[in-house]
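Below: one structure, written as structure tokens.
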Amino acid sequence: MSKTTLIERYVMPVALKIAGQKHVLSVRDGIILNMPFMLIGSFFLIFAYLLIPGYADMMSHLFGDVWRDKILYPVKATYDIMALISSFGIAYRLAEEYRTLDPLSAGAMSLVAFVMTIPQHTLFTPVHGAAEVVKGVIPVGLVGSQGLFVAIVISLLSTEIYRFVISRNLVIRMPEGVPPAVAKSFLALIPGFCVLAVVLILRLVVEASPFGDINSMIATIIGIPMHHVGGTLPGMIISVILIGILWTLGLHGDAIVLVFIQPVWLSNMSENLTAFQNGLPIPHIITQQFYDLWIAPGGTGALLGLVLFMLFRSRSAQMKQLGKIAAPGALFNISEPMVFGIPLVMNPYFFLPFILTPVVLVIVSYTAMASGLVAPPAGIALPFTTPIFISGYLATGGHISGTVLQVVNLGISLVIYYPFFRVWDRLKAKEEHASAQKEDATGVEGVPNA
């Protein structure tokens, strides 16, 4: 029995049940609201880090030394408000699923409730002077990827509270003749009060705990184990598993996990660079470059192989078109268009390969470097957007073995993703075929053809 047949027989029935659940659908569809903005941000990110000799110098000469900061404005405006957009989108989609709620009111309630979970202060350290707390500000990181998990929880919770209050008819109904927009705003008054009251209690409870706020609580719980695993092979495996799981739940796994383990990787990178410059053996294998350039070709989850299948083997028009859109980003190791475009978030069809592929690549890459077959990263800092094959050669200090390992890793990702891609592509192709048949039978005006 082939892998594809096994997946269709045993995985698909369970996956269909999970994928059809209202909350799963709402999280997936709500987060997709970010996709067009992420695509726009991805293009500007690529332009900011083009690896063309003399490109950075030319841009500095034409636009000044801060040209890169300015070209990254769209990136910050798209990536850094991901949680805000998701908090509205998820609640909106869930309200649509229930059909008895006003989606716009649900989205607005969720957005307000999410903002209320964010501590409106930050720590500022001037160049000369002691650090001080600045109040009346919203930390950008908490409305972006770092706050995505909180946004998901709050959006689902607020919409369920909204539905509970509406189902008990605890609303203010305006008389006939009142404009619909005004009537809907009054209908949302009591549910909105209940939502904010519940979220306020949750925030006060967490603030009374040692964590201080909800985001800090999540960061601490995840950060304590990550601090101890460091740069070991088991630690690296645990890290990529956590990153994959968090991404599939809609949380920016890299932003959460790497913030705790990156100091170890960057320290290893510095020691490797010192050894490389002095002609000594490279002491560490696991560094930031090890993860960026060998474990994540095409971005988190090693998605470049999946993009290639979508470009050249898709029967589904939707998958082929998405492959064309995601290919430029994947070439520069930007995975968000794929993660939120297929989507991989809350998609049980791709849970296994998305998590398994990086684990296999970690084991293969670490073994190849530890055995001496492949040169380890020399501590040369390269942007994560450096394309595959070029990056492997440069990061190892000019060893072709680094590129060869990237070729092998790409092949491994192709093998792992292929059966899952075939199942998903067939499913999408069947949906498109059924939709086309329905349109042919219905006719342009919605009247059955004779």
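The values are calculated or read from the model by the stated rules, or taken from the named source; none is laboratory data. The shown structure was predicted, so the numbers you read here are calculated from the model rather than taken from an experiment. Quick reminder, even Gly has a Cβ in these numbers, built from the backbone with ideal geometry, and neighbours come from all protein chains shown. Just the protein is used for accessible areas: all its heavy atoms, side chains included, with ligands, DNA and RNA removed. Shrake-Rupley method; radii C 1.70, N 1.55, O 1.52, S 1.80 Å.
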Normalised convex hull volume, the chain, alpha-carbon set, Å³ per residue: 216 Å³
Relative to the present Cα-Cα distance, how much length would full extension add between Ala77 and Phe44 at 0.36 nm per residue of separation? 10.8 nm
Taking 0.36 nm per residue of separation and subtracting the Cα-Cα distance, what length does fully extending Ile138 through Leu352 add? 73.4 nm
Estimated FRET transfer efficiency when R0 is 51 angstrom, pair Glu432-His128 (beta carbons, to 0.05): 0.20
Of the accessible area of the chain, computed with a 1.4 Å probe and all protein chains kept, carbon and sulfur make up a percent value of 69 percent
Which value, in nm² and rounded to one decimal, describes the direction-averaged projected area of the C-alpha convex hull of segment 337-395? 5.2 nm²
Using the basic label-point model (7 angstrom from Cα toward the beta carbon), what is the Trp67 to Phe389 distance in nanometres? 2.8 nm
The answer for the chain, counting only DSSP H helices whose Cα atoms cover 18 angstrom or more along the axis and whose Kyte-Doolittle average is 1.6 or greater, is 35-48, 148-167, 189-207, 233-248, 351-370
Mean ellipticity per residue at 222 nm, deg cm²/dmol - from DSSP H runs of n ≥ 4 across the chain, formula -39500 (n - 2.57): -21000 deg cm²/dmol
Compute the FRET efficiency between Asp57 and Thr274 as 1/(1 + (r/R0)^6), taking r as their Cβ-Cβ distance and R0 = 30 Å, and round to the nearest 0.05. 0.65
One would report the Cα pair-distance distribution of segment 57-183, bin width 5 Å, in %, as 2, 10, 14, 14, 14, 12, 10, 8, 6, 4, 3, 2, 1, 0
25 Å Cα-Cα threshold exceeded, pairs from Lys184/Lys438; Lys135/Lys184; Lys70/Lys135; Lys22/Lys430; Lys320/Lys438; Lys324/Lys430: Lys184/Lys438; Lys135/Lys184; Lys70/Lys135
